[in-house]
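Read through the structure below, which is laid out as structure tokens, and then see the notes.
The values are calculated or read from the model by the stated rules, or taken from the named source; none is laboratory data. Everything numeric here is computed off the predicted structure, so don't read it as measured data. Cβ placement follows ideal geometry from the backbone for every residue including glycine, while neighbour counts extend to all protein chains displayed. In case anyone asks, the SASA skips ligands and DNA or RNA and just uses the protein heavy atoms, side chains included. Shrake-Rupley method; radii C 1.70, N 1.55, O 1.52, S 1.80 Å.
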Amino acid sequence: TKEKGRNGYHIYRDEMQGKFERREILRRDLRQAVTAGELRLVYQPIGDVHTGAITSCESLMRWQHPTLGTISPDEFIPLAESADIISDFTRWAVESAVAECVHWPADIGVTVNLSACDLRRRDIVNTVFDVLIRYGLAPHRLTMEMTETALAEEPLMTRQVLHGLRALGVKTALDDFGTGYANFGYLIDYEFDKLKLDRSLIEQISEGSRARILIAGLARTSQELGLTIIAEGVERRKQFDALRSLGSVDSIQGWLLSRPIQGGGDIRTYLMQPHF
Ligand code: C2E
Ligand code: CA
Ligand code: CA
Ligand code: CA
């Protein structure tokens, strides 16, 4: 009926308005998130496919908003990017992740996500250098992750930043590989240490599937290029078995192994336990 249609419209409008208001609140409050101590990192373990040993943990950002609760990075990172304050967030993340990692066993590293904006500014290299020196962390224990989309924006500066990070001895990872157009150009042009196969690929890896053949080829080629291959978003035992049987996937990350864990005592206790 007409009545119903109007209600539908009103609900839609209220919802749109609600979303808009929420975004405006977040955008406003984001500016003080770092100084107010509302950001934290959680750590998701990455394990060796063959030995089960934890090799590193990915740091993932969370924002504890004073009234709206925990906000996911998928929601606030784009806002921080558009508000041009992402580099403050990244600086905070590098420092927090490194400060945490020095308390872990020496064979376990940590990864930090970079956004496109970070790759446009040379000072990320200075930030990383300064933090590594201050905390005394061996540079190879830190990995910086970046996506193809982030790399696409300013190739010249990006190249300098990547080169600068590698010169420090920091590792680099190409994140979310297999989403979008999986541009091989980046693997040719840049020397990454690690390649992270996206969850959307791993989801399709059932026995005999086309994705499985593709992943097998990708992993083998990447291995020949000297890259460490990490499968992301591994949720089920069957996926794990399929990945392990390929032989060329080195590590897995996903709920099957562990959800992200709070920093401090929680992650330290987890990492001290044997994981076989
Ligand atoms: P990402 O870098 O691809 O991180 C992996 C995401 O997949 C994380 O979501 C993680 O919690 C989730 N995940 C891990 N294992 C599984 C699984 O088995 N199944 C499923 N369904 N999901 C899994 P999260 O923490 O919500 O982060 C989302 C995205 O936000 C990240 O994707 C990254 O792009 C961005 N992000 C997170 N932390 C930071 C940060 O510190 N800086 C920047 N620039 N971006 C960040
Ligand atoms: Ca990542
Ligand atoms: Ca990823
Ligand atoms: Ca992702």
At R0 = 22 Å the Cβ-Cβ FRET efficiency linking residue 204 and residue 74, nearest 0.05, sits at 0.55
Whole number please: convex hull volume per residue of the Cα set in the chain, in Å³?
164
Long-range share for the stretch 199-276, i.e. C-alpha pairs more than 19 Å apart as a percent of all pairs, stands at 41
Between residue 159 and residue 236, what FRET efficiency follows from the Cβ-Cβ distance if R0 is 51 Å, with the result rounded to 0.05?
0.85
Work out, step by step, the length gained on full extension between residue 211 and residue 102: first 0.36 nm times the residue separation, then minus their alpha carbon distance; give nm to one decimal.
35.4 nm
Given a Förster radius of 30 Å and the C-beta distance between residue 14 and residue 35 as r, what FRET efficiency does 1/(1 + (r/R0)^6) yield to the nearest 0.05?
0.35
Where only C-alpha atoms are counted, convex hull volume of the stretch 81-169 per residue in Å³:
81
Skipping prolines and chain starts, which residues have an amide H placed within reach, meaning under 5 Å, of the one on residue 49, given they are 5 or more residues away or on another chain?
251, 252
With a 1.4 Å probe and all protein chains kept in place, how much accessible area does residue 168 have, in Å² rounded to the nearest 10?
40
Contact order relative to length of the stretch 14-70, as percent, for alpha carbon pairs under 8 angstrom and 6 or more apart:
28
Could you work out the percent of alpha carbon pairs in the stretch 1-135 separated by over 23 Å, rounded to a whole number?
47
If you roll a 1.4 Å probe over the heavy atoms of the protein chains, what accessible area per residue do you get for the stretch 1-116, in Å²?
52
With θ set to phi - 60°, apply the Karplus curve 6.51 cos²θ - 1.76 cosθ + 1.60 along the stretch 192-202 and write out the HN-Hα couplings as whole Hz, x wherever there is a Gly or Pro.
8, 8, 9, 10, 9, 7, 5, 3, 5, 6, 4
Could you give me the ³J(HN,Hα) list for the stretch 228-233, computed from phi with Karplus coefficients 6.51, -1.76, 1.60 and θ = phi - 60°, whole Hz, x at Gly and Pro?
8, 9, 10, 8, 9, x
Gain in span if fully extended, residue 22 to residue 220, counting 0.36 nm per residue against the direct Cα distance:
66.7 nm
Given 4 °C, 1.567 mPa s and a Kirkwood radius over Cα pairs, the Stokes-Einstein diffusion coefficient of the stretch 150-256 in µm²/s is 90
Within-13-Å neighbourhood charge of residue 270 [Cβ basis; K, R +1; D, E -1]
0
Based solely on its DSSP helices, what 222 nm [θ] is calculated for the chain when runs of n ≥ 4 H residues each add -39,500 (n - 2.57) and the sum is averaged over all residues, nearest 500 deg cm²/dmol?
-14500 deg cm²/dmol
Volume per residue (Å³) of the convex hull spanned by the alpha carbons of the stretch 27-78 is 89
What residues qualify as long-range amide H neighbours of residue 111, i.e. H under 5 Å apart, gap of 5 or more or another chain, H built at 1.01 Å from N?
57, 58, 59, 143
Apportionment of accessible area to carbon and sulfur, the chain, percent (1.4 Å)
52
